[in-house]
Amino acid sequence: MTSLTVDIRPASSRDADQIADVHAAAWRNAYEGLIPHKSLRSMIGRRHAGWWQRAIARGTSVMVIDMGGLIAGYCTFGLNRARALPQEGEIYELYIRPEYQGIGLGTMLFDAAQASLKNHGCDGLVVWALEDNATAIRFYEGHGGRDIAQGFETFESKPLRKVAFVWQ
């Protein structure tokens, strides 16, 4: 019998190619039809392997789900960027390869990032999601997030509403 190990760990520079692949696949899956095509293509193109290598080298907090050498997902996190919200920690991104969604990997990654922020002294957590991204909205609501604020992101003159979910 073969067993598969699933590890959640800090990303290393050798993960950059696979993180870029996860990013591209997950963003296409989540945002095609929501974010205008030109903007989406540009945003994905900027996050190539070299971008991820530099981010990791600079000390950006990037955690990955490693399934026997395959990076199935990643998240980035750190201090809350929205000064109007009292929560000290923020998960900036949490993405899973589309073919691995729905089996609990996102929950594992979310819990690990939340625990890391708490271990670093952050009180509370915020996550922003586009309101029209039904999968993300269901995920964060299902994990007990309270929708307490809203904002907008504009892509090619198209404003998209985003919502902030918080945990204490």
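At a glance:
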item: Which of Phe152, Phe165 has the fewest Cβ neighbours within 10 Å, and the rest in rising order; result: Phe152, Phe165
item: Under 20 Å from the Cα of Lys158 - aspartates and glutamates, other chains or at least 8 residues apart; result: Glu32, Glu131, Asp132
item: Once exposed loop trypsin sites (Lys or Arg not before Pro) are cut out (DSSP; at most 14 other Cβ, 10 Å), longest piece of the chain; result: 84-168
item: Kyte-Doolittle mean at least 0.0, axial Cα span of 18 Å or more - DSSP H helices of the chain; result: 105-119
item: Between the range 1-47 and the range 61-122, the alpha-carbon center distance in angstrom; result: 13 Å
item: The range 6-167, relative contact order [Cα under 8 Å, separation at least 6], %; result: 21 percent
item: Counted charge near Asp21, where neighbours are those whose Cβ lies closer than 13 Å (Asp, Glu -1; Lys, Arg +1); result: 0
item: Amide H within-cut-off set for Gly73, under 5 Å, with H built and near neighbours excluded; result: Ile65, Arg97
item: Fraction of beta bridges assigned by DSSP in the chain that are antiparallel (%, nearest 5); result: 90 percent
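Every read-out reported here was derived from the displayed coordinates using simple, explicitly stated rules and does not represent laboratory data. Since the model is a prediction, treat every value here as computed from it, not as a measurement. Here Cβ is always computed from backbone atoms with ideal geometry, including for glycine, and neighbour counts include all displayed protein chains.
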